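Here the structure comes first, spelled out in C-alpha cells, and everything after it is commentary.
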Amino acid sequence: MKNFDDFIPGWFKTFVEVGNELIWSQYLIGLLLTVGFFFTIGSRFVQFRWFKEMFRALTEKPETLDTGKKGISPFQAFAISAGSRVGTGNIAGVATAIVLGGPGAVFWMWIIAFIGAASAFVEATLAQVYKVPDKDGGFRGGPAYYITKGLNQKWLGIVFTVLITVTFAFVFNTVQSNTIAESLKTQYHISPIITGIVLAILTGVIIFGGVRSIAKLSSTIVPIMALIYIAIVFIILILNIDKVIPMLVMIIQSAFGMNQVIGGGVGFAVLQGVKRGLFSNEAGMGSAPNAAATAAVSHPVKQGLIQSLGVFFDTMLVCTATAIMILLYSGLEFGEKAPQGVEVTQTALNAHLGSFGGIFLTVAITLFAFSSLVGNYYYGQSNIEFLSRNKAILFVFRCLVVVLVFVGAVVKTETVWSTADLFMGLMAIVNIIAIIGLSNIAFSVMKDYQRQRKAGKRPIFRPEELEINLFGIECWGKDAKTVEEYENKLKKH
C-alpha cells in the first residue's frame, strides 16, 4: 500500500509540509482562542445562557416552503452537520492527540469546544440570514454566501468556496475512507484496495441521490451509533470508577505542565488539543453553516443555537468518551514513535471488553466515517452550486469525490492527516475574518430573537425591524414574500 504514495507529486508533499509549519503556529491557535472569547463575551455567553433553548429549537418541526413541501427540519440539518462532525476526529483524532500531546490535550479540546460553541452560533446564524433558495425548493448557504452578500466581497467568497470544496469533499473524505480502511485492515485483515472500491461504490450511490437522502441517512445512523458508543464507554467508566478521579487530575496537571508525560510540554498539548478539537467539532471553520442554512426555521438564531449544541455533542460527549476509554487503558504509550489513530482506540477497547470491543469499534468507525463521507460531500455540493449551476460541472465534481474516496483508502495515514490539517487551517482563517466582520449583524439578530421570546412571541425574523440595515437578503423580509405569507402558514400549524 505504501507504493500508492509514490504517485503523489513531490511538490505537493513539500507544499503540505511547509504550509503546516507556517499555519499551525501559535498565531493561528491564538487567533482561534481570541475569536472564541470575543464571540463568547459579545453574545453574553450564549452557549451557556441559552443551553435549554437549544433543545427546544432542536425539536421544532420544519416550516412549509412556498412550494408546498416541508423543508429540512432543524434536527435533520443538525444531523447532516453531526454526520460530518462525528467521525474519525472523535475516535482516531482524539487518540492521536493524546498520544502526541499527552493527557493535557484533552483539556484543550474542552476549552476549544466551550469557546468555539459561540463561534458556531455566530456562523450558523449568519448562514441562515444570508441563505438563498435552491432548485429543489429548499435552501442553501454558508460562508461563501454571507461573505459575498454580507461583506460584499465576492472574490473572498470564491476563495472560500474553493477551499471548502477541496477540504471537505476531497481532503477530509480521504481521511474518512483511510480510517475505515485502516480499521478493517487491523481487525479483519481486509485489503484497503477492496475497502476503497466498496466505499467508492456506496458513496456514489448515496451522493447521486440528493441532499434529502443524505439527511435521512445521517439522522438515522449518527444518533444511534453515538448513543451506543457513549453507553459502552459509560460501562467502562463504571468498571473503572476508582481510576476516574486520578485520570481527571492527570488531564489537568498535564494541560499546565505539572505532570508531563511527553517531551513536548504544554505547547504541544495545546497544539494537539486545538488541532484535533477543531477537526472534530469544526467550530469557526465555516463548514457546519452549510448544513445550518438548509433548515426551514422561522428565525436564524434557532439554527445558530442548534449548531452550538452540536459542538457540545461532538466534543463534550463523543470526544470525551473516547478520551476516557483511552486514558483508562494501562498500556497506553506516548510520543511520535508510539501507535496512533484508530489502532490505539481499538487496542484500548479490546483491553477493556475483549474481542467484542474491537469488533464494535470497527462497525462504529465505519458507520461514523461513512456518514461523514456523505455529509462532507454535501458541503462541497452546496459550494459548487455557489460557483456554477452547470449540471456537467456537478457531475464531474461527484465523480472526483468518488475517486478520491478510493485514493484515501490506499495512501498513507500520515499523508491524509497532514493534508487535512493544512486545508482546515486555511479554511478557518478565511471564515474567521468573515464572521468577525459580520459579528454586529449576528449580535443584532440575536437581540431580536431575545426580544421576541421575552414578549412571549414565537420569533419570526423580519430584517426591516432590526436596529441595523441589512442588504443581500433573499429569503427573509417583505421583498422575499415571507412576512404575510409566512405568518399565514404559521397559523395553520
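Observations on the structure shown:
- Within segment 182-200, the set of residues being in contact (Cβ under 8 Å) with a residue 60 or more places away in the chain and either within 21 Å of V403 (Cβ to Cβ) or in contact with a Leu (Cβ under 6 Å, 6 or more places away or on another chain) (or both) comprises E182, L184, P192, I193, T195, G196, I197, L199, A200.
- Residue in segment 147-156 that is assigned to a loop (DSSP other than H, G, I, E, B), buried (at least 23 other Cβ atoms within 10 Å of the Cβ) and modelled with pLDDT of 90 or more present: no
- Test: residue in segment 36-51 that is of a type in the set (A, V, I, L, M) and at pLDDT 75 or above: yes
- Residue within segment 72-93 that is at pLDDT below 70 and open to solvent by 10 Å² or more (accessible area, probe 1.4 Å) present: yes
A quick yes/no check of all residues on (1) in a helix (DSSP H, G or I); (2) in contact (Cβ under 8 Å) with a residue 24 or more places away in the chain; (3) among the β-branched types (V, I, T):
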residue: Y329; (1), (2), (3): no, no, no
residue: T347; (1), (2), (3): yes, no, yes
residue: F368; (1), (2), (3): yes, yes, no
residue: F386; (1), (2), (3): yes, yes, no
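- Search result, residues across segment 385-414 that are over 30 Å from T96 (Cα atoms) and crowded, with 20+ Cβ neighbours inside 10 Å: F386, F397
- Among the residues of segment 403-417, those that are closer than 16 Å to T179 by Cα and either assigned to a helix (DSSP H, G or I) or without any contact (Cβ under 8 Å) to a residue 24 or more places away in the chain (or both) comprise L404, V405, F406, V407, G408, A409, V410, T413, E414, T415, V416, W417.
- Of the residues screened, F395 is not one that is aromatic (F, W, Y) and touching a residue at least 24 places away in the same chain (Cβ under 8 Å).
- Residues located in segment 460-477, provided they are open to solvent by less than 10 Å² (accessible area, probe 1.4 Å) and more than 27 Å from the chain's Cα centre (by Cα): G477
- Leading residue by the ranking (most open to solvent (accessible area, probe 1.4 Å)) among those in segment 323-349 that are modelled with pLDDT under 75 and of a type in the set (D, E, K, R): K337
- Residue in segment 429-443 that is without any contact (Cβ under 8 Å) to a residue 24 or more places away in the chain, over 25 Å from I158 (Cβ atoms) and surrounded by fewer than 21 Cβ atoms within 10 Å (Cβ to Cβ) present: no
- Screening S298 on (1) under 21 Å from Q76 (Cβ atoms); (2) small (G, A, S); (3) in a helix (DSSP H, G or I); (4) more than 14 Å from the chain's Cα centre (by Cα) shows it passes everything except condition (3).
- Applying the set (1) outside any helix (DSSP H, G or I); (2) without any contact (Cβ under 8 Å) to a residue 12 or more places away in the chain; (3) of a type in the set (D, E, K, R) to R451 leaves exactly one unmet item: (1).
- If you check V445, V410, V430 for being touching a Pro at 6+ places or on another chain (Cβ under 6 Å), at pLDDT 85 or above and closer than 22 Å to A124 by Cβ, only one passes: V445.
- Residue list for segment 157-199, filter: farther than 25 Å from V94 by Cα and open to solvent by less than 20 Å² (accessible area, probe 1.4 Å): G157, F160, T161
- Filter result (within 21 Å of N376 (Cα to Cα) and either in contact with a strand residue (DSSP E or B) (Cβ under 9 Å, 6 or more places away or on another chain) or among the aliphatic types (A, V, I, L, M) (or both)) within segment 306-327: I306, L309, V311, V318
The values are calculated or read from the model by the stated rules, or taken from the named source; none is laboratory data. Computed from a predicted model, the values in this text were never measured in an experiment. In this analysis, Cβ positions are derived from the backbone assuming ideal geometry, glycine residues included, and neighbour counts consider all displayed protein chains. Only protein heavy atoms, including side chains, enter the accessible area calculation; ligands, DNA and RNA are left aside. Shrake-Rupley method; radii C 1.70, N 1.55, O 1.52, S 1.80 Å.
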